[in-house]
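Below is one structure, written out as structure tokens; comments come after it.
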Amino acid sequence: MNEEIQPTNSSRKGKGFTLLEVVIALAVFGFLIGGLLGFLPWGVEGVGKVRDQNVAYGLVDGVQVELERMGFSLVEKGTTRWTNPANPRELTPLNVLLVARKEGGQVEFERVIEYYENKMNDPDDLEEGNTQESWQSLSGGANVPFNDSNGRPISLVGLESFKEVSPYSQRWIPEGERYFLIKCSQYPIGHRHQHHPSNGFLALQVDVQWPYKLPDPSKSGGFRRVAERYRMHFRFPLAITR
């Protein structure tokens, strides 16, 4: 005769969780969720960095088109590394600055500057370097004007007569929206890509930097310039022909 085996108290207890086990499980779950949420800002920041990098990579063609539009002579003189070709020791490195919005696409000439590290790394200075109005020929040749303005480059403020004519805003990017800075310069003296006036092409070092300028209502101009040492960089070589 088979007798029915009754479950003991210990076997019944094994079928569920005790209050202590539930509390421990919730504590572990909360700890894990808290740790994952702590990484969320890093993930969002990483996505933003990747997006900016992709936009920077996509500016290459726009840079080429804008430099070709500006013309060989202006770019050549605006990126020269010396004042007197007969004396290479008289160095005056000049850079052509181009700019683009955060979403990319449109690339525009901003100004020609003389390289000045103190200005580049001073966030309170709104200029990247000393603005150059023109290239002065020391050999008696024609000068090359960089900006047609009265104190400020026309590339910053636009043509006065077109300021109220649509779509003027599509031609000049507001300063607070100039998120990408594209700095164009010639190769150093002695480099195999060093430019010579007899060359039919001009080899350039292009440095895309961001963020360059950001909206800031607390500033007089409505924007602030980020110091060069705090920017990201994407560098590539480029050449234009006469």
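The values are calculated or read from the model by the stated rules, or taken from the named source; none is laboratory data. On a predicted model such as this, the values are computed, not experimentally measured, just so you know. Here Cβ is always computed from backbone atoms with ideal geometry, including for glycine, and neighbour counts include all displayed protein chains.
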Scan segment 78-107 for residues that are modelled with pLDDT of 90 or more and not in a loop (DSSP other than H, G, I, E, B) and jot them down.
-> 78, 94, 95, 96, 97, 98, 99, 100, 107
Any pair with Cβ under 8 angstrom, 6 or more apart, that starts in segment 219-235 at a residue that is without any contact (Cβ under 8 Å) to a residue 40 or more places away in the chain and ends at one that is among the basic types (Lys, Arg) and in a helix (DSSP H, G or I) = none
Taking residue 144, is it of a type in the set (A, V, I, L, M), modelled with pLDDT of 80 or more and either within 18 Å of residue 80 (Cβ to Cβ) or crowded, with 17+ Cβ neighbours inside 10 Å (or both)?
-> no
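Considering only residues that are within 15 Å of the chain's Cα centre (by Cα), assigned to a strand (DSSP E or B) and farther than 18 Å from residue 51 by Cα, which ones fall in segment 208-242? Step through it out loud before you land on a result.
Looking only at segment 208-242, we keep the residues that are within 15 Å of the chain's Cα centre (by Cα), and these are 208-215, 224-236.
Now narrow it down to the ones that are assigned to a strand (DSSP E or B): 208-210, 213-215, 224-225, 232-236.
Scanning segment 208-242 gives 215, 224, 225, 236.
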Any idea which of (1) more than 24 Å from residue 53 (Cβ to Cβ); (2) within 13 Å of the chain's Cα centre (by Cα) is the one residue 198 doesn't satisfy?
-> (2)
